[in-house]
Amino acid sequence: MELPIDSPEAAQYAAMMDDLKGISEFRGSKANVIVLDSRRWTWGGTRLGLYLYTQPQAQPMVFSHRNGLLNDVVHSVVEDEKGNIWASTSNGISVVHIVNNKVGRVFSFNEADNLPNESFTNAKGMRLPDGRMIMQSTTHMVVFNPTEFDSLLNQKPKEMNLKLTRLMVNGIMISA
């Protein structure tokens, strides 16, 4: 559900997030938000992607547009009741599906999925007591229930059988 930011319900949600503040630096890099999840994993939303530290001194796993995010600029990070990580970006919302404490696939949603076509606000996202999520964009409040995405998140990847039919290099046909 998308609420205009000046609606009474959106104002109520915004007031709930008044204390949520972005940060400016994390581990020597500029960051918009840092979240410690229920597994004690650290998630850092930056202008260069979503950084995951499963151990304090480990190298991070980085999520960006190359592996599923809609945009590299991550504004807020929220964990749902099942441990999945939802991140708002400058071009939509993405979820990192966690299965048995292992990172699974990344799913992303944008204006084609009825989200506002605008950037989200730093550190303005949270899980409500009833399990729904709220994330604030520049002119809207997005409210959704992550459990409504369970069937999508639990789909098995489709197996594809690819067949090479033609190969061209620099516009020149290569034959076998």
Fully extended contour minus Cα-Cα distance, from Ala15 to Asn101, at 0.36 nm per residue: 27.7 nm
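Counting only heavy atoms of protein chains, what accessible area per residue, in Å², does the chain have with a probe of 1.4 Å?
It amounts to 60 Å² per residue over the chain.
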Given 0.36 nm per residue, what is the gain on full extension from Met61 to Met1 after removing their alpha carbon distance, in nm? 18.5 nm
Starting with the highest mean, order 50-57, 6-13 by the number of other Cβ atoms within 10 Å, averaged over the residues of each peptide. 50-57, 6-13
(i) 171; (ii) 153; (iii) 136, with the label sought being that of the calculated volume of the Cα convex hull per residue in Å³: (i)
In whole angstrom, how far apart do the alpha carbon centroids of region 103-154 and region 1-74 sit? 12 Å
What's the carbon and sulfur percent of region 87-137's accessible surface, probe 1.4 angstrom, rounded to a whole number? 42 percent
Ile174 - accessible surface, heavy atoms, 1.4 Å probe, Å² rounded to 10: 80 Å²
As an exercise, use a Förster radius of 30 Å and the Cβ-Cβ distance of Asn145 and Glu118 to find the FRET efficiency, rounded to the nearest 0.05. 0.90
Provide the FRET efficiency to the nearest 0.05 for the Arg127-Glu25 pair, computing r from the beta carbons and using R0 = 22 Å. 0.30
Determine the calculated [θ] at 222 nm for the chain from helices alone, applying -39500 (n - 2.57) to every DSSP H run no shorter than 4 residues and normalising by the residue count; nearest 500 deg cm²/dmol. -2000 deg cm²/dmol
Of Ser38, Phe107, Thr54, which is farthest on the positive side of the dipole of the chain, counting Cα position, with +1 on Lys and Arg Cβ, -1 on Asp and Glu Cβ, and the Cα centre as origin? Thr54
Under 25 Å between alpha carbons - lysine pairs in the chain that sit 8 or more apart or on different chains: 10
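The values are calculated or read from the model by the stated rules, or taken from the named source; none is laboratory data. Small disclaimer: the values here were computed from a predicted structure and weren't measured. Virtual Cβ from ideal backbone geometry, glycine too; neighbours counted across all protein chains shown. The protein model used for the area step is the full one, side chains on, heavy atoms only, and it has no ligands, DNA or RNA in it. Shrake-Rupley method; radii C 1.70, N 1.55, O 1.52, S 1.80 Å.
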